[in-house]
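See structure below.
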């Protein structure tokens, strides 16, 4: 169970990294994810069926995702559409494009060699999946770590932190936003290409709920691994994707049907969002208790006195209501 979750998590990790770029670096809610993910799968599978190798087809899927991100970026920056609306429009348009690319709603891989086929046949499928996922995800992480150390990457992060100040310092913020969209959706489409090869088919509906999966992976990773350095933050995305897949595997092992995976994904996201809020509330309460104890004030007595002060007003209110 754990080995399978690691392999699948590594295949989904580029999706988490792509969502991280727009959601955390650019501070943009990008819904293009649900269109670029199946786009990468559709382009990759169609190219493989046409005779292209798995590696070339995966690169074509990545480039297709970059183009989808460019469209969303242009709608956002040049046409001044709200980022949420721009993502929805691109996602909607990509549905028809994916249908034209595949020619039908589902395209299977029959005798085509996927990326895992290049590894020794004696190795187990889980081991092959882990190696392919680790190599692809490692390449993506190394490339992004290098990118964010360059002037371009620093400008991209500065744009996400404060676009007005970045523009005042001579950074072309519109260009940075477009580049961020392109890199993000390229990674997401690459994840779609890997998942399509793992499943053995590309389907028009495989992008439904991917934004929830990406956000859940991002938030789970940030809970378990915190840091300010870029390599730590990217590693957290990979860890979050693996843990998220492991939680889904546990749920399926408990007897939940496959049709309930989407609602389980939404439930995991709700829990992950609420946990930090509850933890911060608990920590604030404990800090207040320690402070009151240091200055010699009983927190229980303070609470009781506040309740007594509230009692007359509540009684007056009740009499007025009568």
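Couple of notes before you dig in:
- Residue within region 102-114 that is surrounded by 13 or more Cβ atoms within 10 Å (Cβ to Cβ), out of contact with any strand residue (DSSP E or B) (no Cβ under 8 Å at 6 or more places or on another chain) and not in a loop (DSSP other than H, G, I, E, B) present: no
This table checks each residue for (1) over 26 Å from the mean Cα position of the chain (by Cα); (2) within 30 Å of residue 5 (Cβ to Cβ).
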position: 68; (1), (2): no, yes
position: 82; (1), (2): no, no
position: 99; (1), (2): no, no
position: 104; (1), (2): yes, no
position: 115; (1), (2): no, yes
position: 118; (1), (2): yes, yes
position: 125; (1), (2): no, yes
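- Residue within region 65-80 that is assigned by TED's automatic domain parsing to the domain that holds residue 204 and closer than 14 Å to residue 194 by Cα present: yes
- Residues of region 68-96 classified as touching a residue at least 60 places away in the same chain (Cβ under 8 Å) and either within 17 Å of residue 19 (Cα to Cα) or not in a loop (DSSP other than H, G, I, E, B) (or both), total: 11
- Per the conditions (1) touching a helix residue (DSSP H, G or I) at 6+ places or on another chain (Cβ under 9 Å); (2) free of Cβ contacts under 8 Å to residues at least 60 places away in the same chain; (3) over 18 Å from residue 71 (Cα atoms), the sole criterion not satisfied by residue 13 is (2).
- Any hit, region 46-56, residues being in contact with a strand residue (DSSP E or B) (Cβ under 8 Å, 6 or more places away or on another chain) and assigned to a helix (DSSP H, G or I): yes
The values are calculated or read from the model by the stated rules, or taken from the named source; none is laboratory data. This one's a predicted model, so the numbers in the text were calculated from it and none came from an experiment. Positions of Cβ are generated from backbone atoms using ideal geometry, with glycine treated the same way; all protein chains shown enter the neighbour counts.
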